Amino acid sequence: MNDSTQPIVDFLARFVEALGIRTPVDVEDTPDGPRFDLSGEEAEILARHRGEPLKALQHVVDMAYGRSLDGDRRVFVDALGYRKGKDIELRQMAKFLAEKAKETGADQQLGPLNPYERRLVHMAVAEVPGATTESVGDAFSKIVLISSRK
């Protein structure tokens, strides 16, 4: 843990204390940015309802601390590795749909997705030569169109 992550760890500790749960906050430094994983049995409350509480917490942390990191690095909040698994699934689906768009020539769509999820899709499809993405919609949750590059 370094000085730039300490305020986030402190915030998360106060947050879970306010929820009335005890959970350690583990920090993993990844190339995309620090990943904060809340662990222990009581952290399960954040992964309930398809991870909606976790998504909300991610949004709050992103708004408060997301711009405090260098470059394109972002803050990731997880509970019991829930998002890590979901992120892998989403990236795999995005790549699968990119290949399908290339094979069929038909646009594929994924969503609605929040900004974090859209970023994952855009990054995953960028790794597929000949495929491109575009976010469509004017709300917080948007659809991502995946197309073959003409």
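Coordinate-derived values only; no laboratory data. Just so you know, these numbers come straight off a predicted model, no measurement behind them. Neighbour counts run over all protein chains shown; Cβ positions are idealised from the backbone, glycine included.
Annotations
- Placing +1 on each Lys and Arg Cβ and -1 on each Asp and Glu Cβ, with no other charges, gives segment 5-150 a dipole about its Cα centre of roughly 500 debye.
- Here's how it looks for GLY33: its modeled amide H is under 5 Å from those of ARG74, which are all 5 or more places away or on a different chain.
- Placing +1 on each Lys and Arg Cβ and -1 on each Asp and Glu Cβ, with no other charges, gives segment 6-80 a dipole about its Cα centre of roughly 280 debye.
- The chain: most fluctuating residue of VAL136, VAL125, VAL16 per GNM, C-alpha cutoff 10 Å: VAL136
- Lysine pairs with alpha-carbon atoms under 26 Å apart, the chain, spacing 8 or more or separate chains: 18
- Reciprocal of mean inverse Cα separation for segment 1-84 (Kirkwood radius, Å): 12.8
- Nearest 10 degrees, 0 to 90: helix 48-65 Cα axis against the chain principal axis: 80
- Around the Cα centre of segment 68-120, unit charges on the Cβ atoms of Lys, Arg, Asp and Glu (plus for the first two, minus for the last two) sum to a dipole of about 80 debye.
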